[in-house]
1. Per residue of segment 84-96, in order, report the coupling 6.51 cos²θ - 1.76 cosθ + 1.60 (Karplus, θ = phi - 60°) as ³J(HN,Hα) in whole Hz, putting x for Gly and Pro.
2. Under 10 Å, Cα contacts only: if you run a Gaussian network model on the chain, which one of 120, 36, 25 comes out with the highest mean-square fluctuation?
3. Return the long-range amide H neighbours of residue 87 (sequence gap of 5 or more, or a different chain), with a cut-off of under 5 Å between placed amide H atoms.
4. Quick one: which residues, 5+ away or cross-chain, put their amide H under 5 Å from the amide H of residue 163? H built at 1.01 Å from N.
5. What is the dipole size for segment 63-146, taken about its Cα centre, with +1 at each Lys and Arg Cβ and -1 at each Asp and Glu Cβ, in debye to the nearest 20?
6. Is the shape of segment 98-142 rounded, prolate or oblate, going by the alpha carbon gyration tensor and its root eigenvalues a ≥ b ≥ c, with a/c under 1.5 for rounded and a/b larger than b/c for prolate?
7. In whole Hz and in residue order, list the ³J(HN,Hα) couplings for segment 7-14 that follow from phi through the Karplus curve 6.51 cos²θ - 1.76 cosθ + 1.60, θ = phi - 60°; x for Gly and Pro.
8. If a/c stays under 1.5 just call it rounded; otherwise compare a/b with b/c (prolate if a/b is bigger, oblate if not). Do that for segment 7-136, with a ≥ b ≥ c from the square roots of the Cα gyration tensor eigenvalues.
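What follows is calculated from the coordinates using simple rules that are stated; it is not laboratory data. Model, not experiment: these values are computed from the prediction. Cβ: placed from backbone, ideal geometry, glycine included. Neighbour counts: every protein chain shown.
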Amino acid sequence: MAGEGRRIGLYGFGAAAHIIAQVVRWLSRDVLAFTRSGDHTGQGFARKLGACWAGASDEMPTEELDCAIIYALVGAWVPAAVRKGGRVVCAGIHMSDIPSFPYSLLWQERQVLSVANLTRNDGVEFFDLVSKVGIVAETVRYPLAHTNEALSDLRAGRLQGAAVLAP
C-alpha cells in the first residue's frame, strides 16, 4: 500500500513495523522510524534494522515522507504525516479519532488509506516474500499465565519486536 514511495515512515515501531522495515529495506527504500518520545532503545533497534532515521513521533526528519504507515493508536499523526502527493496508511487495529484538518491537505493529492482485512492470498504472498527477504522476527516469549505482564510491557514500550504468548 506504500506505492512507489522511496521514503517510508513507520509510526509505532513494534511488532509489525520491525518486520515491514526489513521488507522496505529489501526493496531498497528508506525506512524512517517514529517511536515514543524518549524511546532511545526503540530508535536504536530501528537503526539496527536499517532505518536511515529514527526519532520521536513529534520530531520531523530532514526530508519529507512519501508514505507513512501508522501502526500506533494516534490518529493525530494522520494529517501531517506526508508530503504533497504522499500516502498515509492507517494500519493499526484501533486508532484514536483523526482530528479535523483543512481540505487543502487532501487537495494536494495526499491519500489516506486503511488496512482492515487481509485475504488468504495476501498471507500466501507475504510468506513467499519472507523467504526471499530473510525476515528475522524479534520476539519476547511470555508464559500464557503472564498475559497481563506482556500487555503491560507492550503498553509501556518495554520490549522490542513482538510479544509471544506460549503455554
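1. Residue by residue, segment 84-96 yields 4, x, x, 10, 10, 10, 8, 10, x, 6, 9, 8, 5 Hz.
2. Between 120, 36, 25, it is 120 that shows the largest mean-square fluctuation.
3. Here the answer is 67, 68, 111, since their amide H atoms fall under 5 Å of that of residue 87.
4. Here the answer is 140, since their amide H atoms fall under 5 Å of that of residue 163.
5. Values: 7 positive and 9 negative charges, 17 e Å.
Once rounded to the nearest 20, the dipole reads 80 debye.
6. Details: a/c = 2.81, a/b = 2.09, b/c = 1.34.
Taking the square roots of the gyration eigenvalues as a ≥ b ≥ c, segment 98-142 is prolate.
7. Couplings: 10, 10, x, 10, 9, x, 7, x Hz.
8. On the way: a/c = 1.64, a/b = 1.24, b/c = 1.32.
Cα axes put segment 7-136 in the oblate bin.
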